[in-house]
1. Looking at the range 138-200, which GluC sites (Glu not before Pro) are in a loop (DSSP not H, G, I, E or B) and have at most 10 other Cβ atoms within 10 Å?
2. Students often forget the sequence filter, so: which aspartates and glutamates lie under 15 Å Cα-Cα from LYS278 once same-chain residues fewer than 8 apart are removed?
3. If one computes P(r) from the Cα atoms of the range 19-85, what percent of pairs lie at distances over 14 Å?
4. Can you run phi through the Karplus equation (6.51, -1.76, 1.60; θ = phi - 60°) for the range 204-210 and list ³J(HN,Hα) in whole Hz, with x for Gly and Pro?
5. Per residue, what volume in Å³ does the convex hull of the Cα atoms of the chain enclose?
6. Taking Cα pairs under 8 Å and at least six residues apart, what relative contact order does the chain come out at, in percent?
7. Using just the helices of the chain, give the 222 nm mean residue ellipticity in deg cm²/dmol: DSSP H runs with n ≥ 4 each add -39,500 (n - 2.57), and the total is spread over all residues, rounded to 500.
8. Checking understanding here: applying a Kyte-Doolittle mean of at least 0.5 and a length along the axis of at least 18 Å (C-alpha), which whole DSSP H helices in the chain pass?
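What follows draws every value from the coordinates through simple rules; no lab data is involved. Predicted model, so just to flag it, every value in this text is computed and none were measured. Because the Cβ atoms are built from the backbone with ideal geometry, glycine has one as well, and the counts that use them run over all protein chains shown.
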Amino acid sequence: MSALDHFYVPTLNTVWNVMVKYGVDPRPIFENFGLQEADLQDSNKRCHAYIEIALWHHAQNIIKEPCLGLSAGRDTWHPSQMGTLGYAWLASSSLERAFHRLSRFHHIVTNAYEIETRKTDSLYTVSVQYSSHNPAFQARSESIMATLLCMSRMNFGHSLQVQAVSFVHSEPQQVQKYLDVFGCRPVFDAPEDSISFALEDVTRRLPAADHLFAEMMDQSIIQALNRLQPDNIVSQVKAVIIEQLSCGKVTEEDIAGQLNMSKRKLQLKLAEENVRFKGLLDDIRSNMAKDYLKGNNHCLSEIAFLLGFSEVSSFSRAFKRWSGVSPGQYQNSVLEKSSGKKA
């Protein structure tokens, strides 16, 4: 399967649950597409993205319910349907961080569309950008926007208000259903599907925030994303390095062993991609170190351990070589920039 057309099967629980809600037995329908009920609980199961589109079309044709997609989210979505990304979402420190994760990592669910974010002085907007071969259509668009609202309220609480919502499709007859779900009148025939919240709500710290757990989920997602490209040796090596960092087993020999090849074979494969193991390891450690320092939730000894260094001094020297400044200087500069923005 191409990395460009996959869909995470447990996410299809949303379509399954909508069918059940309207008294339709989803089992024979899913089986027609080669999916069993047990597949919806398989965290390793993926299918072609066109199956998601086909299932929504099928549900719409059978149920004949106007605005069917709006039934998604409120009673049909659960974090487990998005795997590690769902749990990272719940542990995020704010909705802004949650949406940042969703935008960055949503390819773990599907590559059928892109999720983008933008903000003004008062609004934070999340938009969905579709491709020509995976276009927007009413039921699908409704389900994605309704699910985004459900996810946000699961973190923030039901007091979260939608400030604006837009859809690419034309205005349907049952506009009241949209008002009931979103609490505001949508813009139809819009250039994008989008939903907007007040910036002050999106940036508010959430009570269930667990920064360390969210970061652990991030690393797990990165590994999984890399494994979606099984023929790419660079992606394979990155995934194993991230997995082994905190164990300290990050030598070329150890990583080659994890990939069931000799050190020499690994070197040759990386050379074909114009990549050297040490450069790859340094890039990963540098990027992860900066993320940890920006988060300001770990002391230097913890970061050194998480990156596979036995001593803080070794980590500090390496970080200065990567960035030209010490870890403390880098962290202070990040804090100063953050304070300047708040001011």
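1. Of the GluC sites (Glu not before Pro), not one in the loops of the range 138-200 has a Cβ with at most 10 other Cβ atoms within 10 Å.
2. Leaving aside aspartates and glutamates fewer than 8 places away in the same chain, those within reach of LYS278 are GLU252, GLU253, ASP254.
3. So the pairs more than 14 Å apart make up 64 percent of the total in the range 19-85.
4. 5, 5, 8, x, 8, 4, 9
5. Here the figure is 153 Å³ per residue.
6. On the way: 490 pairs, mean separation 49.7, N = 343.
Rounded, it is 14 percent for the chain.
7. Taking each H run of at least 4 residues, the total per residue is -16000 deg cm²/dmol.
8. Span-like helices in the chain: 49-63.
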